[in-house]
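Asks: Let me give you the structure first, and then I'll get to my questions.
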Amino acid sequence: MKRTRLRPARGLPGLALSILMCCAWPVAAEDAPKPDAAPAEAGKGDAGKGNEDTGRKLYNRYCRGCHGEEGKGDGLVFMPHVDNLTRKGYIDLLPDTYLYTAIAKGGLAIGKSSYMPAWEGTLTEQQINDILAYIRSLPLH
């Protein structure tokens, strides 16, 4: 019997496949924290303390690439799945502390994708609250 050797995929498609296989393993549903069980930052995450206009500018700089200009998850950057920040019955039910944790600590902190980076080293608490204020101002669909 002749053995056939499998060759690794090459080029850009091979690189994309390698990244997906190595980095995009989903978190099991039973292991993912529920929105109300997210580790809350004590006293942090209050959209009411944020400035919507400043938040829009920060959102456009740091979030729009993945979440899209209107927050619908249709950004131009390749991601396996990006949440729609305007989905009625979902985003409006999430507490500000949950969203704050997602922005500050990244996706893994709330049981989501590691593609969502932690911004706490880049953004201040006030800037994160500004982004929260902007997200809360987006029309729900």
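Asks: Within segment 49-126, which trypsin sites (Lys or Arg not before Pro) sit in a loop by DSSP and count at most 11 neighbouring Cβ atoms inside 10 Å? Let's see the in-between values first.
Replies: Values: sites: Lys49, Arg56, Lys57, Arg61, Arg64, Lys72, Arg87, Lys88, Lys105, Lys112; in loops: Lys72, Arg87, Lys88, Lys112.
Answer by residue number: Lys88.
Asks: Per 0.36 nm of contour for each residue apart, how much would the distance between His141 and Leu108 grow if the chain were fully extended, relative to their Cα-Cα spacing?
Replies: 9.3 nm
Asks: Quick one: accessible area per residue over segment 48-141, 1.4 Å probe, rounded to a whole number of Å²?
Replies: Per-residue value: 54 Å².
Asks: Carbon-plus-sulfur fraction of the accessible area of segment 76-141, 1.4 Å probe, in percent?
Replies: Details: 1970 of 3300 Å².
With neighbouring chains kept in place, the figure for segment 76-141 is 60 percent.
The values are calculated or read from the model by the stated rules, or taken from the named source; none is laboratory data. Fair warning: this is a prediction, and the values are worked out from it, not measured in the lab. No Cβ is skipped: glycine too gets one built from the backbone with ideal geometry, and neighbour counts run over all protein chains shown. For accessibility, only protein heavy atoms count, side chains too; no ligands or nucleic acids. Shrake-Rupley method; radii C 1.70, N 1.55, O 1.52, S 1.80 Å.
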